[in-house]
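A.B. asks: Once you've had a glance at the structure underneath, I'll fire off some questions.
The values are calculated or read from the model by the stated rules, or taken from the named source; none is laboratory data. Everything numeric in this text was worked out from a predicted model, so none of it was measured. Heads up, the Cβs are rebuilt from the backbone with ideal geometry, glycines too, and the neighbour counts pull from every protein chain shown. Note: areas computed on protein heavy atoms with side chains; ligands, DNA, RNA excluded. Shrake-Rupley method; radii C 1.70, N 1.55, O 1.52, S 1.80 Å.
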Amino acid sequence: MTMSFPPFAGLVRTLVLANVIIYFALLLLGAFSGQAASAITLLFSLTPTLVMRGYVFQVVTYAFIHGGLLHILFNMLTLWFVGSYLEASQGTRWLREIYFISVIGAALCTIAISYTHVLGMSPAQTTLGASGGIFGLLMAFAVLFGDQEFFMFPLPFSIKAKYLVAVYILIAVASLFGGPAGTAYLAHLGGALFGYLYVKFAPRRGFASAGSETVFGLRNSYYRWKRKRASRKFEVYMRKETGEKSYRVPDEKGVKSPNDKRWMN
């Protein structure tokens, strides 16, 4: 439990800076051409009807678009605090996987449920923000370090991670019934779901590590097979040359004869 700020480095720094730069770039563009800024925001935000028409990149890019200063402020603070702790404990590759799996999973949940039109949702509604990925990180934190107490700026008191995440999820569930705007909170819950599934069922070091270990394992198996095959060929060769069933170095009274070439390859 600490009041100090976590380190600002690694993947967390890259994600935060990318989001902040994009936000202020659109803000600056909007000062000169509000129509162009709105068009870019709509193009890279998540709109299910557009995704179904081929704008598949939106399932990732929407996480880098934010609708206001408070929106990006709280998202980036949460990403910084929670993401830094997870990156330090689990590694950068693991954090990258769970973050983007949560982002994409949140998008897929939003797209699928928007077409059911439940709670007034529509596939024409637009969703934006990094909350899907952040909720995935929050859920991972609750599962892995549920009893960890920490201060969440600007709150002046400590709280266990599992209780804080439970509060966030209850707020998202309550907001889901608040009308058409609830589509955004559906992305929050979808991200939390995929974050939980990743922690529970993904390899401990992540899919990329498991895949590389499999590749190296197959490569090593191939090399072992090649060595065994070469050993069998060499044994057959020595059997033909010496008439012995297996190869052994000739030895005369414990001393190898330098003139005896049979033991050389």
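A.B. asks: Rank-order 69-82, 186-199, 114-127 by packing density, defined as the average count of other C-beta atoms within 10 Å over each peptide's residues, highest first.
C.D. replies: Peptide ranking by packing, descending: 186-199, 69-82, 114-127.
A.B. asks: A further question on this structure: Does the range 71-116 classify as rounded, prolate or oblate by the C-alpha gyration tensor (a ≥ b ≥ c root eigenvalues; a/c under 1.5 gives rounded; else a/b over b/c gives prolate, otherwise oblate)?
C.D. replies: oblate
A.B. asks: How large is the accessible surface per residue of the range 1-150, computed with a 1.4 Å probe and reported in Å² as a whole number?
C.D. replies: 47 Å²
A.B. asks: Which value, in Å² rounded to 10, gives the accessible area of residue 168 with a 1.4 Å probe and all protein chains present?
C.D. replies: 60 Å²
A.B. asks: What figure, in Å² to the nearest 10, do you get for the accessible area of residue 24 with a 1.4 Å probe and non-protein molecules left out?
C.D. replies: Roll a 1.4 Å probe over it and residue 24 shows about 110 Å².
A.B. asks: So for the pair residue 17, residue 60, with labels modelled 7 Å out along Cα→Cβ, what separation do we get in nm?
C.D. replies: Taking the simple label geometry, residue 17 and residue 60 are separated by 1.9 nm.
A.B. asks: Using 0.36 nm times the number of residues separating residue 202 and residue 117, minus their current alpha carbon distance, what extension gain do you get?
C.D. replies: My answer for the length gained is 27.4 nm.
A.B. asks: Spin-label point model (7 Å from Cα, Cβ direction): what's the residue 88 to residue 31 distance in nm?
C.D. replies: That separation, rounded to one decimal, is 3.6 nm.
A.B. asks: Fully extended, how many nm does the chain gain between residue 100 and residue 171 (0.36 nm per residue separation, minus their Cα-Cα distance)?
C.D. replies: Once the chain is fully extended between residue 100 and residue 171, it gains 23.3 nm.
A.B. asks: Share of the range 95-144's accessible area from carbon and sulfur, percent, 1.4 Å?
C.D. replies: It is 73 percent, rounded to a whole number.
A.B. asks: Please list 3J(HN,Hα) in residue order for the range 78-91, calculated via the Karplus relation 6.51 cos²θ - 1.76 cosθ + 1.60 where θ = phi - 60°; whole Hz, with x for glycine and proline.
C.D. replies: Values per residue, Gly and Pro as x: 5, 4, 5, 5, 6, x, 5, 5, 5, 5, 5, 8, 10, x Hz.
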